[in-house]
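Student: Once you've had a glance at the structure underneath, I'll fire off some questions.
The values are calculated or read from the model by the stated rules, or taken from the named source; none is laboratory data. The shown structure was predicted, so the numbers you read here are calculated from the model rather than taken from an experiment. Please note: Cβ atoms are built from the backbone with ideal geometry, for glycine as well, and neighbour counts cover all protein chains shown. These area figures cover heavy atoms from the full protein model, side chains too; ligands, DNA and RNA do not enter into them. Shrake-Rupley method; radii C 1.70, N 1.55, O 1.52, S 1.80 Å.
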Amino acid sequence: MTADGAMEDPEFSEETPEQRLMSCLTLIERWGHYVQSPIKVQRGSLLDSSDRRCRRAEVSTIAWHGISIALEHVTAVARIVKGDLNEESWSPYLTPSSTHAFLRSSQLAASRALWILDAENLDLQANRALEVKYSELRNEANALEDITHDEQLSEAYGVDGLPARAKECRTKLGEIRSLLKSRVSGWKDVTSDTDIVKIAAKYLPEHGKSAVLTHSYLMSWRMGSGSAHGYYWPTLMRGFETSEENGVVVAKSYGDLPQTSMAFMSITLLLNRVLNLYYQRSTAR
């Protein structure tokens, strides 16, 4: 038995874009319960061995955090898109910028989990988990220090112990940095998010006789990145109409159904593989 709904790669090739999209949305909804109910790591499994060999890495926990965040974000946007599909007709003016921004965060979280889980050996798996934890702590420390150094922000949050937590994060960062340098020859900094996403994209199956899914995944990542940072150029990469409103040229972006379908298909296939890997690695041998 495998993870719920995560067995072989789903077959989408003979379906229309709308059918493919609905199949993805159905599967994503089926996985939604994993956000609150993780797959149990059994004693004697590969993930159990990884956790025991490098307790500071917390391999299973860090990998599952990626899966959980990916599922939460893709489920949220799937419900929005599904609501649009259930209308009488596909709305020509959806919100593709926000859709792809949500998909981008899901892509990154799932890619990190896959990058950890599919490492060639337990040591590499631990090293990758340590890198993700290092990035997490660095981001947390930066945020906490911004809050505690700003008197108005600090008063607004009204949370005691933030300075102590920021200091704790910096201490742990130093420990993990030293650990990574001792474990990885020549280690200087963490692997970039873009490199992790590119590695994960290679696991996507070919669609027909081409690598269109891989290209769609990487394009969705780039466009979602632009949208998440509030840039306008991703709009110009999609179908759009222009009109002048109050003296400003406005582009109305189409909610392109084939493009949206391909983006969801790629993240669904990747999540399917990540869930399978986690299940296999967490099952006792």
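Student: At R0 = 25 Å, how high is the FRET efficiency between LYS188 and ALA143 if r is their beta carbon distance? Nearest 0.05 is fine.
Tutor: On the way: r = 23 Å, r/R0 = 0.94.
With a Förster radius of 25 Å, E is 0.60.
Student: Further question: Give me a comma-separated list of calculated 3J(HN,Hα) values for segment 279-285, in order, Karplus coefficients 6.51, -1.76, 1.60 applied at θ = phi - 60°, integers in Hz, x for any Gly or Pro.
Tutor: Whole-Hz 3J(HN,Hα) from phi for segment 279-285: 4, 5, 6, 9, 8, 4, 7.
Student: How large is ³J(HN,Hα) for each residue in segment 165-173, as worked out from phi by the Karplus curve 6.51 cos²θ - 1.76 cosθ + 1.60 (θ = phi - 60°), to whole Hz, x for Gly and Pro?
Tutor: 5, 4, 5, 4, 4, 5, 5, 5, 4
Student: From largest accessible area down, sort LYS40, LYS188; use a 1.4 Å probe on the protein chains.
Tutor: Details: LYS40 155, LYS188 180 Å².
Result of the area sort, largest leading: LYS188, LYS40.
Student: I've got another one for you. Given LYS167/LYS198; LYS133/LYS181; LYS133/LYS198; LYS82/LYS198, which pairs have Cα atoms separated by over 22 Å? Don't skip to the answer; put the middle values down first.
Tutor: Working: LYS167/LYS198 34 Å; LYS133/LYS181 15 Å; LYS133/LYS198 20 Å; LYS82/LYS198 28 Å.
Among LYS167/LYS198; LYS133/LYS181; LYS133/LYS198; LYS82/LYS198, the Cα-Cα distance tops 22 Å for LYS167/LYS198; LYS82/LYS198.
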